[in-house]
Amino acid sequence: MCGFAGVVDYSQSKKTEYREFIKNAGRMIRHRGPDDSGMFEDEHVIFAFRRLSIIDVQGGHQPMSYQNGRYHIVFNGEIYNYVELRKHLLSKGASLKTETDTEVIVALYHLYGAEVVDYLRGMFSFLIWDRLNRHLFGARDHFGIKPLYYIEDGHTVLFASEMKSIKEHSSDPVIDGQSLQHYLSFQYVPDPRTIQEHIQKVPPGSFFSKHIGQPLQVERYWKPMLQPKAQADEEKMIRNIQEALIDSVKLHMRSDVPVGSFLSGGVDSSIIASIARRHHSGLKTFSVGFRQSGYSEIDVAKETAAAIGVENVSYYVDHEEFMRELPKIIWHMDDPVADPASIPLYFVAREARKQVTVVLSGEGADELFAGYNIYKEPGDLSLFTYLPNPIRKALKQLSVMFPEGMKGKSFIERGTTLLEERYIGNANIFSSSEKKMMLTNMEQYEMPTGITKCLFDEVRQLDSVSRMQYIDLMTWLKGDILVKADKMTMAHSLELRVPFLDKEVFRAAAQIPHEWKVKNSETKYLLRKAVRDLVPPHVLHRRKLGFPVPIRDWLKDEMYEWARSLLTESGTDYLLDKTLALGMLEKHRRGEGDYSRKIWTVLTFILWHQVFIENVYTIRPLELVHS
């Protein structure tokens, strides 16, 4: 796990300027790689690299050259099948000087060109410079586990593992108005945009190519297409899931440094920890929680750890530490992401890094195996499918007249609205009318369904739950779940690995028939059956909670004054109606409704604005790195 920055095809008159810029960009992400650093430069490219040593600690210096200096690579991530790929390369006559997965990637590229991505099983973003052909090639992994940002300025392209490394290239950061609109809907900015104009993300499952003097070309090589079978042998499918998971966790345990595992009170992390325990009897697990009743899964996690025979290290977060660390958390996040679960993830990563360098985690299970409670909705609303269209339309018109909060209003609205019009993913924070009131400078309104419509079109033949899964795989997973997973762990120089997000595990999950995804109101039905002999019974059928965070309670009490001051003092009047936000805060405090998610979305953006636009906080990356 590492970080890099680079520039290609720059003007020779600006070579000194770009050299210093890339050096500084590398320093900015030292937390991603405190163990080693390096640079490469020729007449067309400059690379800077920071390394967190995991595989071949002594021999993995980057940028790495290959074929007598023809190729130069910078790579962030891990290739879990690199041992097998290395044997394959040696059988083809490749000359390999290290034991690293980095050299495996560039050697595969030499043999197979862009098809290199088809061989890789892991998480990655990388750049490969071919000096002979004056050609840059790069790619991002299938699911988007590892980030990659870029700015295209004429023929010059800048790349970086974190947006903060290259955002200063634009002397005047400009907030993208459409991105802000989408942020208020999704609680993150959907790919490929960022909150800042001109900076984009390379989409997951994509590679890119750039020849000197020509524009960057980005091409999709993979999408997570679900292919549920109409008929299947349940026991055979269960065996396929078991074998894929066990094999994936085994490969994800490959490391030359200590590996631990996150452990919550849910089934996903318990599956990973239980399988990992088979390969590492001294496995340490890590949990975090809050002392408020109903906001901690530490007791369940400790019970799970005892049941599978591993050590558990837990940590409680209070509201004071929570607020104190928020500016650093926002700084590390790059874009505003208003998922409260990112904060406990930051703290559990900090505690884990004191004892291990690598952790396994359960991200991706809900998207692959239909684990979110909202996936029950198609079944709950199925009675509406039997109503004639005139009756459905009449019910929808009637529901509009019901007062907000009236029991049954939301149920009727959802039941009489097409899935494509009501579902944009796991979060839908501000409605269209609310956004129009909240935004003070909105020249052109863009519907959030504009992001999801083309995705629904790609899977129109699938059942409703599979279509919802696809939306989340293509938006929520890469825009929220994996962003916070990468940024909050890398903030502490900790490598996070996600065994559920493996090509072979996905292959098994993609074939699950729709009736075995949510059954008898139980999510992840087939996955739970597949792991019934792997995990302790007390977590097997436990309701999903995620990382419960007490912001609903804190915004009424402990964090009220802080939130009010933040809203009052922020310099975001040119973007947001802060009076409206303050009104929501007061209503929330008085118990006139639960506005916590809306308030938190606004507060997160305001904090982001203070950190990156107003420069209210001085955050130096060297202070955030473990010695």
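With the convex hull of the Cα atoms taken as the outline of the chain, the averaged projected area works out to 27.9 nm².
Amide H to amide H, with H built 1.01 Å from N, LEU576 comes under 5 Å of THR440, counting only residues 5 or more places away or on other chains. Applying the Kirkwood pairwise sum to the alpha-carbon positions of the range 499-627 produces a hydrodynamic radius of 19.0 angstrom. Magnitude of the charge dipole for the range 374-424, about its Cα centre and with charges confined to Cβ atoms of Lys, Arg (+1) and Asp, Glu (-1), is about 140 debye.
The value of relative contact order for the chain, using C-alpha pairs under 8 Å at least six residues apart, is 16 percent.
Taking amide H as placed 1.01 Å from N in the peptide plane, ILE128 has its amide H under 5 Å from the amide H of PHE137, GLY138, each at least 5 places away in sequence or on another chain.
From the Cα gyration tensor of the range 63-128, with a ≥ b ≥ c the square roots of its eigenvalues, which class applies: rounded if a/c is under 1.5, or else prolate if a/b is larger than b/c, or else oblate? Rounded, since a/c falls under 1.5. When the chain is described by a simple charge dipole with +1 on each Lys and Arg Cβ and -1 on each Asp and Glu Cβ, the residue from GLY177, PRO215, LEU89 located farthest towards its positive end is LEU89.
Determine the calculated [θ] at 222 nm for the chain from helices alone, applying -39500 (n - 2.57) to every DSSP H run no shorter than 4 residues and normalising by the residue count; nearest 500 deg cm²/dmol.
Calculated from helices alone, the mean residue ellipticity at 222 nm is -11500 deg cm²/dmol.
Can you classify the range 36-155 as rounded, prolate or oblate using the Cα gyration tensor, where a ≥ b ≥ c are the square roots of its eigenvalues, rounded means a/c under 1.5, and otherwise it's prolate if a/b beats b/c and oblate if not? Rounded, because the longest to shortest axis ratio a/c is under 1.5.
Comparing ALA301, VAL531, LEU360 along the charge dipole axis of the chain, the residue lying farthest to the positive side is VAL531, per the Cβ-charge model. Reducing the range 249-286 and the range 30-71 to their Cα centroids gives an inter-centroid distance of 29 Å. Here the range 2-220 is treated as a Stokes sphere of Kirkwood radius computed over C-alpha pairs; at 10 °C and 1.306 mPa s its diffusion coefficient rounds to 90 µm²/s.
Dividing the convex hull volume of the alpha carbon atoms of the range 398-539 by its residue count gives 211 Å³ per residue.
Residue-normalised convex hull volume from the C-alpha trace of the range 193-351: 212 Å³ per residue.
With the cut-off at 1.5 for a/c, could you classify the range 362-473 from its C-alpha gyration tensor as rounded, prolate or oblate? It is oblate, given that a/c is not under 1.5 and a/b is not larger than b/c. Quotient of the Cα radius of gyration of the range 374-424 and 2.2 N^0.38 Å, N being its number of residues: 1.10. The charge dipole of the chain, taken about its Cα centre with unit charges on the Cβ atoms of Lys, Arg (+1), Asp and Glu (-1) only, comes to about 980 debye. Put simply, the Cα atoms of the range 303-357 extend 39, 24, 19 Å along their principal axes, the longest span coming first.
Under 5 Å between amide hydrogens, built in the peptide plane, is the criterion, and for GLU446 it picks out nothing among residues at least 5 positions away or on other chains. Over 23 Å apart at the Cα level, from the set LYS164/LYS487; LYS376/LYS435; LYS453/LYS484; LYS23/LYS164; LYS376/LYS484, are LYS376/LYS435; LYS453/LYS484; LYS376/LYS484.
Each reported figure results from applying straightforward, stated rules to the coordinates on display, with no laboratory input. Bear in mind that the values here come from a model prediction, so they are computed numbers and not experimental data. Quick reminder, even Gly has a Cβ in these numbers, built from the backbone with ideal geometry, and neighbours come from all protein chains shown.
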